[in-house]
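Only the coordinates and a few stated rules stand behind these numbers; no lab work does. As the structure is a computational prediction, the values presented were derived from the model and not from experiment. Backbone-built Cβ (ideal geometry, glycine too); neighbour counts: all protein chains shown.
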């Protein structure tokens, strides 16, 4: 995956702050069940206009790790082959959603996911993103999903 495509991925995920409506606060309560280190087993970007159109970044050799700390801090790393791993961090909460509010690193804004926890498996779905599915250098509306396993 080219550096340009990877940068587009990171940039595509930045505007999620604008998609987060409601009264959630990133400094709100946290779920102790989510505290820990999580490795992605899928990183999926799905077209809103055509849900059959998607990109699975792990299949391309990518990786991601999310660390949720008890003090409400988090760290996130995302990498693809041939590119440096990107790191970002901030604060998290999990009242009704998993909310990640970035305050350091290369990612900005807030990501809001629906989440489901089943033992050591965490499914994060529904964060609004953009992705250039057709290669025309214009981001198309997309949904960002992750499946993760506890380390």
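Taking the fewest neighbouring Cβ atoms within 10 Å as the starting point, the ordered list for 138, 78, 48 is 138, 48, 78.
Approximating the spin labels as points 7 Å out from Cα along Cα→Cβ, the residue 67-to-residue 85 distance works out to 1.0 nm.
Here the label points at residue 139 and residue 123, each 7 Å from Cα along the C-beta direction, are separated by 2.6 nm in the simple model. A Förster distance of 22 Å, applied to the separation of the beta-carbon atoms of residue 32 and residue 106, puts the FRET efficiency at 0.15. Computed packing ranks the peptides 95-105, 59-69 as 95-105, 59-69, most packed first, by mean other Cβ atoms within 10 Å.
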